[in-house]
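Worksheet: one structure, shown below.
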Ligand code: 13P
């Protein structure tokens, strides 16, 4: 039985006060009987603050939005896994489409970051997904295969044991245009089958999240699909009330 994950990706948002309000809002709204594993991923500069705010609860886990493939050295602007561990970070998003498209992280860059994250014992959340153009050209499966195979080539199939994958169609991110539950399920099933070709146990145990305009109104029908094990949430994770609705949808 795979536990549903509801992970917030706050991207480049949040003041100190905003982080306090949001964390407290989520904390206060949890019932204690919620079934999902809840993760929040603030901007790195707010991780220390979030750590402090979460110090009296284990109901919300801390995630980071990226990590370097290097452990230390002359890599201006990067963050190492050891630094993240000092802030009780447990999960690291890697290969988000914004990192791939805007910051030009290649499949190999992403695979190297994934390798370092995995080696440290943190849990990578590997993002994969096609652009609208690629979907229209019927290249969805090919793109996803390439993105996942880059990690398998660099780290081996065993590296997916205990890792998380997030399918985030680029055309659904921040657009209000969610993939239908059927569209998402189709890709999730494809990912699970593709992993099963290499290792059936890893494939059946890995949590595959959907991301792209998930909100309180559409989360349940997505999460109800057989191969959808939760969501990676952008915009809707910035409002406690909306994020809590998504957490409830996992019950
Ligand atoms: P939105 O939920 O804002 O579409 O963002 C999804 C996302 O990119 C999460 O990583």
Exercise. Which fully enclosed helices (runs of 4 or more DSSP H) of the stretch 78-148 have 2 or more residues being more than 20 Å from residue 44 (Cα to Cα)?
Worked result: 107-120, 132-136
Problem set entry | Count - residues of the stretch 211-226 that are touching a residue at least 40 places away in the same chain (Cβ under 8 Å), surrounded by 24 or more Cβ atoms within 10 Å (Cβ to Cβ) and assigned to a loop (DSSP other than H, G, I, E, B) | 1
Problem set entry | Qualifying positions in the stretch 164-187 - surrounded by 20 or more Cβ atoms within 10 Å (Cβ to Cβ) and assigned to a loop (DSSP other than H, G, I, E, B) | 168, 169, 173, 178, 179
For this session: Being touching a helix residue (DSSP H, G or I) at 6+ places or on another chain (Cβ under 8 Å) and outside any helix (DSSP H, G or I) is the filter; apply it to the stretch 198-210 and report the residue that is surrounded by the most Cβ atoms within 10 Å (Cβ to Cβ).
Result: 210
For this session: Starting from the stretch 160-176, take each residue that is more than 25 Å from residue 200 (Cα to Cα) and list its partners that are within 9 Å of the ligand (Cβ to nearest atom) and outside any loop (DSSP other than H, G, I, E, B), counting only C-beta distances under 6 angstrom and pairs at least six apart or across chains.
Result: 170/97
Problem set entry | Count of the stretch 227-250 residues which are closer than 25 Å to residue 186 by Cβ and outside any helix (DSSP H, G or I) | 9
Exercise. For the stretch 192-218, what are the residues that are more than 15 Å from the chain's Cα centre (by Cα) and either within 16 Å of the ligand (Cβ to nearest atom) or under 15 Å from residue 129 (Cα atoms) (or both)?
Worked result: 192, 194, 215, 216, 217, 218
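Bear in mind that the values in this text are calculations on the coordinates, not laboratory data. This structure is a prediction, so every number in the text was calculated from the model and none was measured. Methodologically, a virtual Cβ is constructed for each residue, glycine included, from the backbone with ideal geometry; neighbour enumeration extends over all protein chains shown.
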